[in-house]
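Take a look at the structure below.
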Amino acid sequence: MERGAWAEDLACRHLRDQGLRLVARNYRCRHGEIDLVMQDQSCIAFIEVRLRSRTDFGSGAESVDARKQKRLLASAEHYLQRHATLLADCRFDVVSVLRSGKTHQLEWIRNAFGAFGA
């Protein structure tokens, strides 16, 4: 299994264990890709999963820069336009996975950055 898919599976399982429900995975449009779209009660969470094997250049969460945030915002807007029946609050989360050998650490950051006028 590819490392990125492994990290997404791990993140998805963790978030499901926390009570979220998977709505879509690897949603692609001309703006980019959203790794996971999940429902957290009445909120739609757009999840970016980042895998790192080292932290020399920052954590996975720190790698979601302004350019990546802009692409995620545009992709989420595209998703919401195509799924108008989803009338819910939205947020952007980041799941950062640090993998070292056979061990891993997972960090879930809710509301990692603002959107939609927030």
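The values are calculated or read from the model by the stated rules, or taken from the named source; none is laboratory data. Quick caveat: nothing in here was measured; it's all calculated off a predicted structure. For neighbour counting, all protein chains shown are included, and Cβ atoms are generated from backbone atoms with ideal geometry for every residue, glycine included.
Points to keep in mind about this one:
- In the range 48-60, the qualifying residues are those that are hydrophobic (A, V, I, L, M, F, W, C) and modelled with pLDDT of 65 or more, and the one that is surrounded by the most Cβ atoms within 10 Å (Cβ to Cβ) is 49.
- So residue 15, is it under 12 Å from the mean Cα position of the chain (by Cα), in a strand (DSSP E or B) and of a type in the set (A, V, I, L, M, F, W, C): no
- Within the range 1-35, considering residues that are touching a residue at least 12 places away in the same chain (Cβ under 8 Å) and of a type in the set (Asp, Glu), the one surrounded by the most Cβ atoms within 10 Å (Cβ to Cβ): 35
- Residues being modelled with pLDDT of 95 or more and farther than 13 Å from residue 80 by Cα - total across the range 34-47: 3
- Candidate set from the range 68-94 (those that are closer than 15 Å to residue 27 by Cβ and of a type in the set (Ser, Thr, Tyr)); member that is modelled with the lowest pLDDT: 79
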